[in-house]
Amino acid sequence: MENENSSKKFDSVYSNRVRAGRRRTYFFDVKQTKGEDYYITLTESTKRFDGDGYERHKIFLYKEDFNRFLEGLDETIKHVKTELMPDYDYEEYTRKNKEWEERRMNEKAESVTTPTTSNEQDDTSAETEEDISW
């Protein structure tokens, strides 16, 4: 019984996933403590090159640090965008991701309306969300 209660304190009360290319995904999870307080875990999950699972790196962010963390992150990103790489097209990957999602939706819609052979179905189902090619 105690294990059930202690495991509930680590359940996410909110989760947001951000895909970042073929091999990397970021997770932003809000978790609740036993004392009904909240904290955020930021997780980078990267598919291993040998194909054997994922590597995960976590940061725990507590409420007393939210504002300073956000200010530091924002200041750092602005510095890179304005001082180090002002000519870079930061919307490039947003556009490519949108194009990939639209293509994926069209392929799914076509597969529903068009009968396929078993080989074609295998090829389509083998493609995963991580197959975004930048």
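Just so it is clear, none of the values below were taken in a lab; they were calculated from the coordinates. Worth saying up front: this structure is predicted, and the values here are computed from it rather than measured. Don't worry about glycine lacking a Cβ; one is built from the backbone with ideal geometry, like all the others, and counts go over all protein chains shown.
Structure values in brief
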read-out	value
Residue order, fewest to most surrounding Cβ atoms within 10 angstrom, among THR113, THR25, THR94	THR113, THR94, THR25
For segment 2-117, with +1 on Lys and Arg beta carbons and -1 on Asp and Glu, the positive-most of LEU70, SER111, THR25 along the dipole	SER111
